[in-house]
Structures are given as structure tokens and as C-alpha cells.
Amino acid sequence: MRKKEATSYGKTKLKQSLPMICLYWNVKPEDVLGKNRQRNIIDARHSLRYFLSQDDKLGLAEVGTLTNSDHASVIHSVKTFELLAEQDYKFDE
């Protein structure tokens, strides 16, 4: 199965949100979009996927494409973000 192409809207949304997420978590964009497994980078990645998935114009497959993952990873990030938001003040901010 081929990966879904990102729309110009999705690319713009990523370009707007990635710097904000990186600033908050104090990480580099290439780390968030990469495969690094450090806790703060994983948290930033979950935050980015959650934020993008809340946009009704972006489907899970496109969010996955934008963040170099797949729709299942996006679903996991959304669930993890919501769970952590209930337990951790950093996520709740």
C-alpha cells in the first residue's frame, strides 16, 4: 500500500505547529520527525500528532505521512496524549 500524499494544507499546518511544539518541549524538528526514542522527544511527537489530528481537515493517514509514521502510530499518540493529559500537568497545559 502506498503512503498517502500530504496536501498543501497539511504541509502548512505542520510548518506552523512544529516550531511551537519544538519550542515547548525544547527539541529539534528533525528529532521530532525522526526515530529518536528519548522521552522528551517522544512526548513532543505525541503532542504534534495529537495537535494535527484535532484538525478536521487532516485524516489520520495524512497526519502519519506528515510525521513520518502511519495512521496506527497517530492513533497511539492521540490515546497516549489524552491519557498523559489526565495525569501530567505538562500535557494538560
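Key figures
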quantity: Qualifying positions in the stretch 17-26 - surrounded by 15 or more Cβ atoms within 10 Å (Cβ to Cβ) and not small (Gly, Ala, Ser); calculated: Leu18, Ile21, Cys22, Trp25
quantity: Meets criteria (open to solvent by less than 40 Å² (accessible area, probe 1.4 Å), at pLDDT 95 or above and not in a loop (DSSP other than H, G, I, E, B)) for Ile75; calculated: no
quantity: Residues of the stretch 27-42 satisfying the condition of being open to solvent by 100 Å² or more (accessible area, probe 1.4 Å) and closer than 15 Å to Leu14 by Cα; calculated: Lys28, Glu30
quantity: Qualifying residue in the stretch 44-56 (condition: more than 23 Å from Gln87 (Cβ to Cβ) and of a type in the set (Lys, Arg)); calculated: no
quantity: Residues within the stretch 1-14 that are more than 12 Å from the chain's Cα centre (by Cα), among the basic types (Lys, Arg) and at pLDDT 95 or above, tallied; calculated: 1
quantity: Qualifying residue in the stretch 23-46 (condition: hydroxyl-bearing (Ser, Thr, Tyr) and modelled with pLDDT of 95 or more); calculated: no
quantity: Count of the stretch 45-69 residues which are under 14 Å from Thr12 (Cα atoms), surrounded by 24 or more Cβ atoms within 10 Å (Cβ to Cβ) and not hydrophobic (A, V, I, L, M, F, W, C); calculated: 1
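The values are calculated or read from the model by the stated rules, or taken from the named source; none is laboratory data. These figures come from a predicted structure and were not determined experimentally. Note that we place each Cβ from the backbone using ideal geometry, even for glycine, and neighbour counts take in every protein chain shown. Protein only, heavy atoms only, side chains kept; ligands, DNA and RNA dropped before computing areas. Shrake-Rupley method; radii C 1.70, N 1.55, O 1.52, S 1.80 Å.
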